[in-house]
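Since the structure comes first, as C-alpha cells, the remarks are kept for the end.
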Amino acid sequence: MNTEELRKAPIGVFDSGVGGLTVAREIMRQLPDENIVYFGDTARLPYGSKSKESIIRFAKQIIRFLQTKKVKAIVIACNTATAQALEAVQKECDTPIIGVIEPGARAAVKETRNKKIGVIGTEGTIRSNMYTRIIKEMDPEAEVVGKACPLFVPLVEEGFAKHHVTEEVIDIYLREIRDSEVDTMILGCTHYPLLRSAIMRYMGDRVHIVNPAYETAMDLKKVLEERGISRGVNEFNKYEFYVSDAAEKFKQFANSVLPYDVGTIRQINIEDY
C-alpha cells in the first residue's frame, strides 16, 4: 500500500476475548479519527493457562486474518499474548505490531518514587516475568512484586465488577501488595481497568495505578505519527468486530464497555487462517 492508502487503512486490535475492548476504547478516545478492526478469540480463551507454543500459533493465525483486512498496524491487546508471542510475531511481520506490556512498564518506571512496583495479571503473564524483565531493563534498581489474580477475569465477564464479592476477592489477592512498600501498580491484564475504581479504593492514594490500555493507545499514536500514516480528520468512523465464538455474549459485553452502540459482531473460523 502507498502512504495515502496506509493513512486510510484501519488499526487491527486483538485479544483472547473481551478484555482487549478496554484497549480499543482508549484507542477510540485518543485516536478518534482512526478506524479499527477488532478480533476476540472467544472460542479459545482464556490464554492465561495456555502454553507459549499455543499462544504463538493463535497470534499468527489472528495476524493473518487481520492482514486480510489491510490493517496498517496491529495492537496485541492482551498481556498474556504480548508476553508469550510479541517477539515471535514481530520477527515475521512487516506491519508494526505493539503490545501492552512495554507501554505500561515505561509509565510505571516514570511514575514510581521509591522504585517499588507491583504488577497484577493472569497466571501466564506473571509466570512469564515479562514485566519484571522490561522494568529491570529500564531501571536496574527497580523492585517488582508480581501477583496473579485469576478470578478477576471471570468476575468482570460475569458482570460482578461492582459486587461485594469482587471487593472480597480484591482483598484476598492484593492485601500483601497493599501492605508492602509498593507505590505504583500496573493493571497487567486488559480486563483489570474495569475494576480500576474498586482497586484504587482498596489500594489508597499512596499507590499510583497504571492503566496500560491508555499508555498503549499513546504509543500507537506515536508510531503512526512517526511513520506519517495517521488518518487525520475522519468524517465517519468504521469499527468492525469479529469473534471466534459466542458473538451475542461478546456484543452484550462490548455495549457495556464501549462509548457507542455496537451493532454487528461477525463470527469467523479462525482455524481457517
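Can you tell me the equivalent ellipsoid semi-axes for the stretch 220-273? Use √(5λ) from the Cα gyration tensor, largest first, whole Å. Provide the component values of the computation, followed by the final result.
Values: eigenvalues 145, 57, 20 Å².
The three semi-axes for the stretch 220-273 are 27, 17, 10 Å.
Whole number please: convex hull volume per residue of the Cα set in the stretch 151-273, in Å³? Mind showing how you got there, number by number?
Numbers: hull volume 21.1 nm³, N = 123.
For the stretch 151-273, the hull spanned by Cα atoms encloses 172 Å³ per residue.
Restricting to DSSP H runs of at least four residues, report the calculated mean residue ellipticity at 222 nm for the chain, -39500 (n - 2.57) per run over all residues, nearest 500 deg cm²/dmol. Walk me through the numbers on the way to the answer.
Details: 12 runs with 128 residues, N = 273.
Rounded to the nearest 500, it is -14000 deg cm²/dmol.
Could you check the spin-label model distance between Ala198 and Lys238? Points 7 Å from the Cα along Cα→Cβ, value in nm.
It is 3.9 nm.
Largest first and to the nearest Å, give the Cα extent of the stretch 178-229 along each principal axis.
Here the spans come out as 46, 21, 15 Å, largest first.
Students often get this wrong, so try it: which of (i) 1.07; (ii) 0.95; (iii) 0.97 is Rg/Rh (Cα atoms, Kirkwood Rh) as calculated from the structure shown?
(ii)
For the Cα atoms of the chain, what angle does the longest principal axis make with the long axis of helix 247-257, in degrees from 0 to 90, nearest 10?
Roughly 60 degrees, rounded to the nearest 10.
For the stretch 3-52, what is the convex hull volume of the alpha-carbon atoms per residue, in Å³?
On the way: hull volume 4.7 nm³, N = 50.
In the stretch 3-52, the Cα convex hull volume per residue is 94 Å³.
What do the square roots of 5 times the Cα gyration tensor eigenvalues come to for the stretch 46-113, in whole Å, largest first, as semi-axes of the equivalent ellipsoid?
Values: eigenvalues 104, 51, 16 Å².
Ellipsoid half-lengths, sorted descending, are 23, 16, 9 Å.
Report Rg (one decimal) and Dmax (nearest whole number) for the stretch 67-174, counting Cα atoms only, units Å.
Every Cα atom of the stretch 67-174 included, Rg and Dmax give 16.1, 47 Å.
Expressed as a rounded percentage, what relative contact order does the chain have, with Cα pairs under 8 Å and six or more residues apart?
28 percent
State the percentage of accessible surface on the chain attributable to carbon and sulfur atoms; use a 1.4 Å probe and exclude ligands, DNA and RNA.
Ligands and nucleic acids excluded, carbon and sulfur give 47 percent.
Along the charge dipole of the stretch 1-155, pointing to its positive end and built from +1/-1 on Cβ of Lys, Arg, Asp and Glu, which listed residue (Cys78, Ala59, Ala148) has its Cα farthest out?
Ala148
How high is the FRET efficiency from Ser256 to Ala43, r the C-beta distance, R0 22 Å, rounded to 0.05?
0.55
Compute the relative contact order of the stretch 142-273 as a whole-number percentage, counting only Cα pairs closer than 8 Å that sit 6 or more residues apart in sequence.
Dividing the mean separation by the residue count of the stretch 142-273 yields 18 percent.
Quick one: if you stick a label point 7 Å off each Cα along the C-beta vector at Asp33 and Ser180, how many nm between them?
Label at Asp33, label at Ser180, 4.3 nm between them.
Before I look further, what does the stretch 3-88 give for accessible area per residue, probe 1.4 Å, in whole square angstrom?
Working: 2650 Å² over 86 residues.
Result: 31 Å² per residue.
Can you give me the angle between helix 164-178 and the longest principal axis of the chain, using Cα atoms only, in degrees from 0 to 90, rounded to the nearest 10?
Helix 164-178 sits at roughly 70 degrees to that axis.
What accessible area per residue, rounded to a whole number of Å², is obtained for the stretch 116-170 using a probe radius of 1.4 Å?
In whole numbers, the stretch 116-170 has 51 Å² accessible per residue.
Show which lysines lie in cross-link reach of Lys222 when reach means a straight Cα distance below 18 angstrom and same-chain residues fewer than eight apart are skipped.
Lys8, Lys72, Lys110
Hey, what angle do you get for helix 101-111 against the long axis of the chain, alpha-carbon based, 0 to 90 degrees rounded to 10?
Once rounded, one gets 50 degrees.
Before anything else, pin down the relative contact order of the stretch 86-136: Cα pairs under 8 Å, at least 6 apart, normalised by residue count, whole percent.
It comes to 35 percent, rounded to a whole number.
The values are calculated or read from the model by the stated rules, or taken from the named source; none is laboratory data. Source: prediction; values computed, not measured. In this analysis, Cβ positions are derived from the backbone assuming ideal geometry, glycine residues included, and neighbour counts consider all displayed protein chains. Just so you know, the surface numbers come from the protein's heavy atoms only, side chains and all, with ligands and any DNA or RNA stripped out. Shrake-Rupley method; radii C 1.70, N 1.55, O 1.52, S 1.80 Å.
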